Structures are given as structure tokens and as C-alpha cells.
């Protein structure tokens, strides 16, 4: 039952929950963590772990995309990032890391004004393909029509259309909007699209033919969307709402399953566990992987919103460095704060609650238990 709270005489609001507001509950059964499967597949692609590295320059370079693939996950390269604007982006990354906080936004706007070079898009994707891992690249909805031909010709396996929010019904008087349904139908590769944070928005995206829907809206560590736009979607409720859309679309479509991928607000292993408990099939990680010592951000983290030319809705944040990427994923963890051995934590939670695979774990009992009440 939806709980509405009166904001004032003319406005009511629904009570919603972030990951910090909920917890999972042990059941009567437990399992050995080694007997638990955390494998995930989408379309024809199989992965050992349900983790996607977010298409952010502080998280994914061609090198870390390859590492992520070799470690059993999926690295998604930002095809509008520094790697497709500069032949050698390392000096630019070093400059961003060393910027004073008060200078970071303005200087990043300048650095990201360098034009995207289609030949670099082809070169970077070819580098990942040559390593023998699944190739995934991301574009914003605004750039998709301009560059998708180059991306597909380069041989991408999975195509991601990612923005702060992506709508199947974008309206514009100034330009022809991207027709997602026609675009996905004509494309030869599976498309993951998002973000979406409501049942209705997600259901409409599923009807376009997307293979997966990203759930989130300005919930990441580097986002200031709530402060700049006043918009925020607490992730526990958002994931559960979109999982409800997946269930209803499965019936509506006669059995077509669309994957729900949580994207944002996933700073610790506990957040990852709760995202899957709320109905996510997989998670897209930004800050959690930016903490790896081999991440290109070098202990800093930022997204595309941080250098928007007219209205930045994010910032460069210092997240620190925890361990190498392999240890962030598989351990051993150097601290008891949920920042490393993310796979081990997921396995342990599933085993402790008695579930053997991710689909089963989506049925785990959840309670409302805000941290601040303890």
C-alpha cells in the first residue's frame, strides 16, 4: 500500500526509500557461499558477476574495460569522454586530478570542449575487442544519432544509451528527437537504456525493445542533481518500482524479459546487495570502482554532468584509493567498510539468507530500518 504524506494543503507526496533506509532479513536456511551463483547474462552475453563499470572517465579506460571483462564483469567505455577526444588523454587526466576544487568545474568544461573524433571511437573499441572481451560503449541520447553508425561499424557488442534521465517520449520543438523504438529495432546489437526512476518511464522504455533499463537519477557520489534541479529518486524505491514494470511487461509482452540494472547510489557492497534484493538483475558501478588503484581517476571521480557546458549537475570528488581492481571485486578487503571484495559480500549475503542465485535472491525479505534510528 502506497503511503502518502501531506506536504501542505495543496500537495501530497509518496513515502519512498533509499538503500540506507532498508535492510535484508535472514531466513530459516543458510548456504555455503561457494555454492552461490552470482552469474548474469543479457541477450547472448554471459558474465561471471552482475557488475558493469560505469561509462565515466574516472572509472573506465580501454585498459580497465579489458580488465573488467577479464575479471568476469563488463566495462562500458564513455564514447564522449576523454578517450575519444584526445589521442593521449593521460596528461588531461593528470591535470584534472591536480585541479584545485574551485577551479575544477570551469577547467573541465574547457577540456571537454575538445571535439569527439570518430576515428578514436573506432580505435578505442578495437583495442577492447582485440583483448577478447565483450565490447560495450555508451553515448548520451543527444549524441546517439550522430555517432551510433561509427560505434556499430567498430563492432560493439552491447550499446548503452545513458543520460541523467532518458525518455521514450522526449518532446522538442527545436530538433528531431531520437526515436528510441525505431532506433533499437533497426540496430543489430542489444541496447541498454536509462536512467529511469519510475514505473511508467521504465515501462515505456521496455516497450521500445531495450534489452535492459538503467535505474537511477542523480543518485551517485559525484552528482549534484538534487541541489541544482531539485530532482532526486531514492534508489530502493526506484529499483523496486522498475522491477514492478519488468514484471508487468513480462506479462504484457508474452514473456519478454528486460533486465533491470541499478545505476547510482551504490557506494558500498551493502548497497549492491540491497539493489539486487529490491529487484535489480545487475548493478552499474561508478564510485565503488573509481576507488581502485588502477582506475583512471587516480582517486578522484566525476561524471559527464560535472562538465556540462551550460548547467553542471555534478562535481569532481575525491573518493580515495582502496585496492587494485581485482581486490575491489574479489578481495581480500583491507577494511571492514564495504569498499572491497564486493563479490564476496554479495555471495555472503545470499548464502546467509539461503538463496542460491540472483533471481532467487530478488525474493528475499526486506525491512524498513533507517540507520539514523539506531
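The values are calculated or read from the model by the stated rules, or taken from the named source; none is laboratory data. Predicted model only: the values in this text are computed from it and were never measured. Positions of Cβ are backbone-derived with ideal geometry, glycine not excepted, and every protein chain shown enters the neighbour counts.
A few notes on this one:
- Extreme residue, surrounded by the fewest Cβ atoms within 10 Å (Cβ to Cβ), among residues of the range 148-166 that are touching a strand residue (DSSP E or B) at 6+ places or on another chain (Cβ under 9 Å) and in a helix (DSSP H, G or I): 152
- Residues of the range 228-242 include at least one that is outside any loop (DSSP other than H, G, I, E, B), at pLDDT below 95 and out of contact with any strand residue (DSSP E or B) (no Cβ under 7 Å at 6 or more places or on another chain).
Residue-by-condition table, conditions (1) at positive phi; (2) without any contact (Cβ under 8 Å) to a residue 60 or more places away in the chain; (3) outside any helix (DSSP H, G or I); (4) out of contact with any strand residue (DSSP E or B) (no Cβ under 7 Å at 6 or more places or on another chain):
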| residue | (1), (2), (3), (4) |
| --- | --- |
| 294 | no, no, yes, yes |
| 298 | yes, no, yes, yes |
| 327 | no, yes, no, yes |
| 343 | no, no, no, yes |
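- Among the residues of the range 135-147, at least one is crowded, with 21+ Cβ neighbours inside 10 Å, touching a helix residue (DSSP H, G or I) at 6+ places or on another chain (Cβ under 9 Å), part of a loop (DSSP other than H, G, I, E, B) and modelled with pLDDT of 95 or more.
- When the range 204-227 is filtered for residues that are touching a residue at least 12 places away in the same chain (Cβ under 8 Å), in a helix (DSSP H, G or I) and under 22 Å from residue 302 (Cβ atoms), only 225 remains.
- Test: residue in the range 107-114 that is within 23 Å of residue 298 (Cα to Cα), at pLDDT 95 or above, in contact with a strand residue (DSSP E or B) (Cβ under 8 Å, 6 or more places away or on another chain) and surrounded by 18 or more Cβ atoms within 10 Å (Cβ to Cβ): no
- Test result for residue 351, closer than 27 Å to residue 27 by Cβ, in contact with a helix residue (DSSP H, G or I) (Cβ under 6 Å, 6 or more places away or on another chain) and part of a helix (DSSP H, G or I): yes
- Of all residues in the range 243-264 being in a loop (DSSP other than H, G, I, E, B) and within 19 Å of residue 361 (Cβ to Cβ), the one that is nearest to the chain's Cα centre (by Cα): 258
- Selection status of residue 52, in contact with a helix residue (DSSP H, G or I) (Cβ under 6 Å, 6 or more places away or on another chain) and at pLDDT 95 or above: no
- Among (1) assigned to a helix (DSSP H, G or I); (2) over 29 Å from residue 77 (Cβ atoms), the one test that residue 363 misses: (1)
- Restricting the range 56-82 to residues that are in contact with a strand residue (DSSP E or B) (Cβ under 7 Å, 6 or more places away or on another chain) and farther than 16 Å from residue 133 by Cα, the residue that is surrounded by the fewest Cβ atoms within 10 Å (Cβ to Cβ): 80
- Note on the range 305-316: among residues that are in contact with a strand residue (DSSP E or B) (Cβ under 7 Å, 6 or more places away or on another chain) and in a helix (DSSP H, G or I), the one that is surrounded by the fewest Cβ atoms within 10 Å (Cβ to Cβ) is 305.
- Hits in the range 186-203 (condition: part of a helix (DSSP H, G or I), surrounded by fewer than 21 Cβ atoms within 10 Å (Cβ to Cβ) and without any contact (Cβ under 8 Å) to a residue 40 or more places away in the chain): 186
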